[in-house]
Amino acid sequence: MYSDMVKEHFRNPRNVGEIDDADVILQVGEPSCGDVLLLFLKIDRGIITNVKYRIFGCGAAIATSSIASELALGKPLDEVLKLTDQDIADALGGLPEDKMHCSVLAVTALHTGIMRYLAATGEIGQ
Ligand code: FES
């Protein structure tokens, strides 16, 4: 049912944890199942320099959060804003159709967190 990459990230999720001096702390929930992702971002000069998270969710939510953290780490904000749930699924070698919604959690958290950061720092919304 799951690809080897999904299983690997589920068993060994990357970048799990918290950032004490995070620039962004954001909680996102998936209403259909009640799973929750708490995201921490450290941002320096338009680059995501650190990503951590706590995930309370299904195996696919754990794997997609893990790969999303790897895809975001070290990347410019505008590049991360272009990430889609399909990119996350593709990076994991695919997701079962009924688990595609799980990848939305990580993408939504990243996009919302970055937009809040840009609004708070005055880089957009003026
Ligand atoms: Fe809730 Fe996967 S079933 S995020």
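The values are calculated or read from the model by the stated rules, or taken from the named source; none is laboratory data. Note that the coordinates shown come from a computational prediction; the quantities given were computed from them, not determined experimentally. Glycine gets a Cβ as well: all are built from the backbone with ideal geometry, and neighbour counts include every protein chain shown. When the accessible area is computed, the model is the full protein with side chains, heavy atoms only, and any ligands, DNA or RNA have been set aside. Shrake-Rupley method; radii C 1.70, N 1.55, O 1.52, S 1.80 Å.
Can you tell me which residues in segment 38-62 are more than 16 Å from the ligand (Cβ to nearest atom) and touching a Ser or Thr at 6+ places or on another chain (Cβ under 8 Å)? Residues satisfying the conditions are Lys42, Ile43, Val51, Lys52.
In segment 67-91, how many residues are open to solvent by less than 10 Å² (accessible area, probe 1.4 Å) and within 13 Å of the ligand (Cβ to nearest atom)? Qualifying residue count for the region: 3.
Looking only at helices (runs of 4 or more DSSP H) that fall completely inside segment 1-108, which ones have 3 or more residues that are more than 21 Å from Ala119 (Cα to Cα) and more than 12 Å from the chain's Cα centre (by Cα)? Working first, answer last.
Working: elements: 4-11, 59-72, 77-81, 85-91.
Once the helices (runs of 4 or more DSSP H) in segment 1-108 are filtered for at least 3 residues that are more than 21 Å from Ala119 (Cα to Cα) and more than 12 Å from the chain's Cα centre (by Cα), what remains is 4-11, 85-91.
The residues of segment 37-50 that are without any contact (Cβ under 8 Å) to a residue 60 or more places away in the chain and under 16 Å from Ala60 (Cα atoms) amount to a single one, Leu38. Any chance segment 12-23 includes a residue that's more than 14 Å from the ligand (Cβ to nearest atom), of a type in the set (S, T, N, Q), in contact with a helix residue (DSSP H, G or I) (Cβ under 6 Å, 6 or more places away or on another chain) and open to solvent by less than 70 Å² (accessible area, probe 1.4 Å)? Within segment 12-23, one or more residues are more than 14 Å from the ligand (Cβ to nearest atom), of a type in the set (S, T, N, Q), in contact with a helix residue (DSSP H, G or I) (Cβ under 6 Å, 6 or more places away or on another chain) and open to solvent by less than 70 Å² (accessible area, probe 1.4 Å).
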